[in-house]
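Single-structure report; data block below.
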Amino acid sequence: MLPCTCGLWRSAFHTLKTFRASPSARGLCIPTRAVCDAETIFALSSGHGRCGVAVVRVSGPASSMVLRNMAGLTQALPPRTALLRRITDPQSKELLDRGLVLWFKGPHSFTGEDSAEFHIHGGPAVITAVLQALGSLEGVRPAEAGEFTRRAFHAGKLGLTEVEGLGDLIHAETEAQRRQALRQMDGELGRLYQDWSYRLKRCLAHVEAFIDFSEDELIEDGVLNQVDSSVCQLETEIERHLKDERRGERLRTGVQVVIAGATNAGKSSLLNTLCQRPAAIVSPIAGTTRDIVETSLDIGGFPVLLSDTAGLRDSSDSVEREGVRRARQRVEQADLTLVVVDSTQLPPDPQLVPAFLQEHLSTVLPSLSPEAGMKAASDRVLLVLNKSDLVPEEQRERTEGELRESPGLPPACFLSCYTSTGLEDFLTVLQSRVKTLCGDPLSGAPSLTQARHRAHLQQSVQALNQYHQYRDQDLALAAEGVRLALTHLGRITGRVGAEEILDIIFRDFCIGK
């Protein structure tokens, strides 16, 4: 005879209520498949400015009415079929343009709602006329910024990480950024976090079940040992994911490359050479550059934010002193520093050059002095020995040989910004270093791309530490640690719910049969 399960159901319901009432469960962004807004919206989905074709998108319950009124359709248009139509003003019946119209029946659309698209000519007057005509229809309004994507998220078409990937793809300026954004938009990062979330839900469900039902002998032995093992493994995986040296974030926002060095070493000339335009003033007068000069570059498909800085020296000029302060601050924030040295200032004896450069680096970059571990930090520095055209060839070759035999120094490249001699070799080294800093967006596990993700993952690890801390003292507090970790993961993906915990409890332990 089966035992009465009324008490078990009440206990399980109490578990669900406790999760919902938990401070960590409140404020979660939980998408639903319900339509979040009954209004129909429209917007120009292609870029602004003159173009051959512009796309105007409509989404919402009145989309079919919009098609009938604007394109003169008397019968339903087959979904995903382009039809050339006369597009007219629904009020005056004036011809606005001739273009393609398409119909997407919900939920098989980007937003999950009934949607329509007008592919019209991209002249500003045509676009304005079509948008004004759409705005004159009752129950139709212009979309707010990002509203189409927001509706796709609420309809379950996209997770938060996929939404962020879509935004990154739209703003991608280099090939590597495109690859990383496309991979995230495809859901790889979201699936990784969803897998962690599912495993945490399972851990939490088992702990909750042990708390509520262990006295009734409905829970098998060793459940908590399995949870211990799973939590430790998850903690290890998340920590490994966090130890990525910010490669994905660098790739998304750009590698911070700073040009630093003494006055008149040729820093501004190097900036102009790399960006192939006179971005900075070049003058034989020392101290010409006083402020930070920035430019964005594409180095081998990777984004770089290149900064020229004031020459580092002591000065009685208050403006120049401020420039030097800003230069040192920017160097501290840099991912990679190009230390420019005037080759004519090197010792004539090549054997003395390594020691000279070592001393010079400790002056320009105090944080990378030998005492601070020059060898360990040399991957953040490239030496650019400029004005190489003014150095005798024999001396330059002997110096290069000495530098190759000095492993304690960062890589050094002879370069002449005046003649471009050595530029190709320098760009090869620079591209290799930038690629190392960003990593390959297509290989290995998907990378962290947002500071928001990093913050929540760090908080998840801290919460899992709470589980270990209270595991043998207070199982309820230990469970709260797992719940907090799950909450932070849910805030990354936008998907976590109390009902899923209850489902696992009843499925795994057959409670209430």
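Quick notes on this one:
- Checking each residue in the stretch 440-476 for being of a type in the set (S, T, N, Q) and either assigned to a helix (DSSP H, G or I) or within 12 Å of residue 244 (Cα to Cα) (or both) picks out 447, 449, 458, 459, 460, 462, 465, 466, 469.
- Tally, over the stretch 253-268, of residues that are out of contact with any Pro (no Cβ under 8 Å at 6 or more places or on another chain) and open to solvent by 30 Å² or more (accessible area, probe 1.4 Å): 3
- Within the stretch 438-466, residues that are more than 19 Å from residue 477 (Cα to Cα) and basic (Lys, Arg) sit with their Cβ atoms under 7 Å from residues that are open to solvent by less than 20 Å² (accessible area, probe 1.4 Å) and in a loop (DSSP other than H, G, I, E, B), at 6+ positions apart or across chains, in these pairs: 454/448.
- Of all residues in the stretch 115-141, those satisfying the criterion of being surrounded by fewer than 17 Cβ atoms within 10 Å (Cβ to Cβ) and among the hydroxyl-bearing types (Ser, Thr, Tyr) are 128, 136.
- Every condition in (1) open to solvent by less than 30 Å² (accessible area, probe 1.4 Å); (2) in a loop (DSSP other than H, G, I, E, B); (3) in contact (Cβ under 8 Å) with a residue 24 or more places away in the chain holds for residue 157 except the one numbered (1).
- Restricting attention to the stretch 139-154, the residues that are assigned to a helix (DSSP H, G or I) and either within 20 Å of residue 54 (Cβ to Cβ) or in contact with a helix residue (DSSP H, G or I) (Cβ under 7 Å, 6 or more places away or on another chain) (or both) total 4.
- Matching entry among 312, 305, 336 (being touching a strand residue (DSSP E or B) at 6+ places or on another chain (Cβ under 7 Å), closer than 30 Å to residue 180 by Cα and open to solvent by less than 30 Å² (accessible area, probe 1.4 Å)): 336
- Candidate set: the stretch 62-114, residues that are under 27 Å from residue 159 (Cβ atoms) and of a type in the set (Asp, Glu); chosen: the one least open to solvent (accessible area, probe 1.4 Å): 113
- The set of residues in the stretch 74-91 being closer than 20 Å to residue 131 by Cβ and in a loop (DSSP other than H, G, I, E, B) consists of 89, 90, 91.
- Selection count where residues are open to solvent by 60 Å² or more (accessible area, probe 1.4 Å) and either part of a helix (DSSP H, G or I) or out of contact with any helix residue (DSSP H, G or I) (no Cβ under 9 Å at 6 or more places or on another chain) (or both), scope the stretch 232-249: 7
- Restricting attention to the stretch 96-127, the residues that are in a strand (DSSP E or B) and over 17 Å from residue 54 (Cβ atoms) add up to 2.
- Total residues in the stretch 100-147, condition of a type in the set (Val, Ile, Thr) and touching a residue at least 60 places away in the same chain (Cβ under 8 Å): 5
- Failed item in (1) at pLDDT 50 or above; (2) open to solvent by 60 Å² or more (accessible area, probe 1.4 Å), with residue 42 passing the rest: (2)
- Check on residue 296, closer than 16 Å to residue 434 by Cβ and either open to solvent by 40 Å² or more (accessible area, probe 1.4 Å) or part of a loop (DSSP other than H, G, I, E, B) (or both): yes
- Qualifying position, being open to solvent by 50 Å² or more (accessible area, probe 1.4 Å), in a helix (DSSP H, G or I) and either touching a Leu at 6+ places or on another chain (Cβ under 7 Å) or modelled with pLDDT of 90 or more (or both), among 371, 322: 322
- Whenever a residue of the stretch 189-210 is farther than 23 Å from residue 160 by Cα and open to solvent by 10 Å² or more (accessible area, probe 1.4 Å), its partners that are of a type outside the set (A, V, I, L, M, F, W, C) and in a helix (DSSP H, G or I), lying with C-beta atoms within less than 8 angstrom and at least six residues away or across chains, give the pairs 206/226; 206/508; 208/15.
- If the condition is being out of contact with any Leu (no Cβ under 8 Å at 6 or more places or on another chain) and aliphatic (A, V, I, L, M), then the stretch 241-279 contributes 251, 265.
- Subset of the stretch 167-177 (residues that are among the aliphatic types (A, V, I, L, M) and out of contact with any Leu (no Cβ under 7 Å at 6 or more places or on another chain)): 170, 172
- Within the stretch 164-181, tally of residues that are assigned to a helix (DSSP H, G or I) and either among the small types (Gly, Ala, Ser) or open to solvent by 40 Å² or more (accessible area, probe 1.4 Å) (or both): 10
Conditions (1) of a type in the set (A, V, I, L, M, F, W, C); (2) modelled with pLDDT under 90; (3) in a loop (DSSP other than H, G, I, E, B), marked per residue:
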| residue | (1), (2), (3) |
| --- | --- |
| 93 | no, no, yes |
| 129 | yes, no, no |
| 137 | yes, no, yes |
| 184 | no, no, no |
| 192 | yes, no, no |
| 199 | no, no, no |
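The values are calculated or read from the model by the stated rules, or taken from the named source; none is laboratory data. Fair warning: this is a prediction, and the values are worked out from it, not measured in the lab. With ideal geometry, Cβ positions are generated from the backbone for all residues, glycine too; neighbour counts draw on all protein chains shown. For the accessible areas, the whole protein counts, side chains as well, though only heavy atoms, and no ligand, DNA or RNA atoms are used. Shrake-Rupley method; radii C 1.70, N 1.55, O 1.52, S 1.80 Å.
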